[in-house]
Each structure stands twice: as structure tokens, then as C-alpha cells.
Amino acid sequence: MIAELDIQGRRIVVTGGTGFLGRYICEELQTWKADVRPVGSLDYDLCEQAAVRRLYADLQPSIVVHGAAACGGIQANEENPGLFLYANAVMGLMLLEEGRRAGLDKLVLMSTTCAYPQNAPLPFSEEHISDGPPTGTTGPYGLAKRLLHEACANYEKQYGLRSTVLVPSNLYGPGDHFDEQRSHVVAALIRRFVEAKRSGTEQVVNWGTGKPTREFIHVRDAARGVVLACRRETSSAPINLGTGQETSIRELSDMIMAIAGYEGHVAWDETKPDGQPKRYMNVDRAKKVLGFESRIDLRQGLEETIRWFENNL
Ligand SMILES: NC(=O)c1ccc[n+]([C@@H]2O[C@H](COP(=O)([O-])OP(=O)(O)OC[C@H]3O[C@@H](n4cnc5c(N)ncnc54)[C@H](OP(=O)(O)O)[C@@H]3O)[C@@H](O)[C@H]2O)c1
């Protein structure tokens, strides 16, 4: 039996509420009639302690869903290792510290699979997340989130501030970032194939061999998982939030190409790095602790996202 909290009328601040996932979280919270307050960086710059204090004084949340992050695609991670480490660590630590001073009940932290060590056994299971440091291009971003896992555990231990740490796999869906600087693999491939079809380009070149595998969760499913985390009593032990399904980049590219209706040639530039060979998660804990299972099939989610991109190009 999973203990439930009533969130109707509860004041819930969603940091990153202006972002891709944050907007879906706010929508889902509204269906539960929570008193939702989305905040973006123009409202409160969470790297500034005075702004974090002001947020708690102004909004007096009972729950904070911390979805704000300094993040982006591979290029953004390569160019901002210092910023991503600093900003993500500082935002999370200050939300916890000022939150416990302000009497916050609970914090739901959006973490990332980049917090896993690269050589964690597959599928990634939560008990291995602390086996080694996150490394590679997304290492600094992952390390900051990992610090926040420890911060949540220790704030619970010392101050009784409850928290749920969610570790989502790669998100995709309508409203994703499709620009080169910020896009992740799904959005980047969608843009490439839709634009190639429109312009009649004969060949599309993808990076790497296409062999690495990843896991993708529709943003609406992820938002539903986040709201379950607001409604359930959990410990601060990390919970993977995903589908548990492994898809190779080549399979993903084939699906997007077919849905976008691109009939040209696809080449793979094997001089470009592949990144981690395999990445997918064990999602048993989310089912057990939150009663969460993903519902949106990848093909169906891609169709929706591609149609959205075509209409919003
Ligand atoms: N996208 C993915 O595939 C993915 C996968 C796993 C985990 N996650 C995690 O999920 C969360 C949401 O990701 P997303 O892709 O939705 O991100 P996003 O669209 O880039 O949104 C980031 C949000 O953070 C806010 N923000 C950034 N710096 C801030 C600051 N200094 N002060 C206050 N707010 C600040 C932004 O506010 P403004 O827009 O107002 O500047 C924006 O609302 C993040 O914690 C991310 O680490 C994402």
C-alpha cells in the first residue's frame, strides 16, 4: 500500500516552470487542483541567495518541484562544464537550505541519468548510482546533481526535510528545444529529417555509428511521474523515471525518417564520437514506490512530436 498525500489546494512551486518539462509538470499539477506556482529565471535567479530567500518569502510553498537546471545538449555541456557544475549545485543547495529554514515540507528533485557512473552495470539500477563518479562531457552536470542526491539525504537525516529524487531518462515531446545549441538527440534528428524533406536534400548525415542505445520517455509521462512523486511518501533514495526500453540511435533515426516521410539517403559519420555504448534503466523501483509506469509508446510519441514540429517550424 503506497501512502498518499492530498495535493488539492497545496501551494507547489515548480522551478524551471518556464522550461520544457516544467510546463508539463504545471499542467499535470493543475489537473490535481494544486495551487501551482511556476517560476523561471526572470522571476527568481536561483543562483542568487537573496532571490531564493525572496521566493520562499513571497510564495511560501509547501512543496518545491525543482526542475530548474543549467543544461543542454552535448555542445552546451562541452562549452559550459564550470557553469553547469556551479549553477546546478548552487541552485539545489540553496533551495534546500533556505527551504528548511522556511519550513518547506518536501522537495522533489529532477536529477538525470548523467548522474550515473559511465560503467554502471546495465540496466542502470539505483543502487549503483553512487558506485563511481559521473564522467565524460556531461560529468560536471551529473556530478552537481549527484551532490544534490546526497544533500537531499542529509537534509532529511538532520532536519527531517522530506525529498524525492527522480532520475529521468532522455525526455522528448512537443515543445522540446529544437535549436542546435540546446537540442538532444530526438529533437536534433526530427529537425534534420523534417528540414531535409522540405528542402529536398538528397542525403542526411548522422553522427557516429548509430549503434549506441538510449532510453526515451515522453515528457507527458515524465510529468505524470513527477506529480506521483508529489503525492506519495518516499525516502530520498533515487528513483529512475523511464520506460526501461532500450533503443539504438539507428532504430530511432529509422523511425523518425519514416514518420517524417524522408526518402533520401542516410549516411553515418563514424569519425564523430558515439558516447557511451549503452544506456537504459531498470524502472522497477518507480513502479513499486510511486505506482508509475510509462504509457506513451515511442512511435506514437514521435508521431505526435514530429507533427508538432512540422506545425511550429
Ligand atoms: N530534457 C531532458 O532530456 C532531461 C533529461 C533528464 C533530466 N532532465 C532534468 O529535467 C529538468 C528540466 O529539464 P528541461 O529539459 O525541461 O530544461 P529546460 O527546458 O532547459 O528548462 C530549464 C529551466 O531552468 C530554469 N533556469 C535555468 N537557470 C536558472 C536560474 N539561474 N534561476 C532560475 N531558473 C533557472 C529556466 O528558466 P528560464 O527559461 O526562465 O530561463 C527553465 O525554466 C532539469 O532539471 C534537467 O536536469 C532533463
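Throughout, read-outs are computed from the coordinates displayed, never taken from laboratory work. Given the structure is predicted, the values throughout are model-derived calculations rather than measurements. Because the Cβ atoms are built from the backbone with ideal geometry, glycine has one as well, and the counts that use them run over all protein chains shown.
Some observations on this one:
- Each of residue 49 and residue 199 was given a label point 7 Å from its Cα along the Cα-to-Cβ line. The distance between the two points is 5.0 nm.
- Linear extension gain, residue 271 paired with residue 27, 0.36 nm per residue minus alpha-carbon span: 83.6 nm
- Near residue 197, once Lys and Arg are set to +1 and Asp and Glu to -1 for all other residues with Cβ below 12 Å from its Cβ, the sum equals -1.
- In degrees, nearest ten, helix 20-31 long axis to first principal axis of the chain (Cα): 60
- Length-normalised contact order for the chain - Cα pairs under 8 Å, 6+ apart - percent: 20
- Working note: Karplus 6.51/-1.76/1.60 with θ = phi - 60° gives the stretch 259-267 the couplings 5, 6, x, 7, 10, x, 9, 10, 10 Hz, where Gly and Pro are set to x.
- Counting Lys and Arg as +1 and Asp and Glu as -1 over every other residue whose Cβ lies under 11 Å from the Cβ of residue 24, the net charge comes to -1.
- Computed FRET value (nearest 0.05) for residue 308 with residue 57, which takes r as the C-beta separation and R₀ as 41 Å: 0.60
- Amide proton proximity set for residue 278, modelled H, under 5 Å, gap of 5+: 213
- Alpha carbon centroid spacing (whole Å) that separates the stretch 183-258 from the stretch 101-164: 22
- Counting charges near residue 170 (Lys, Arg +1; Asp, Glu -1) among other residues having Cβ under 10 Å from its Cβ returns a value of +1.
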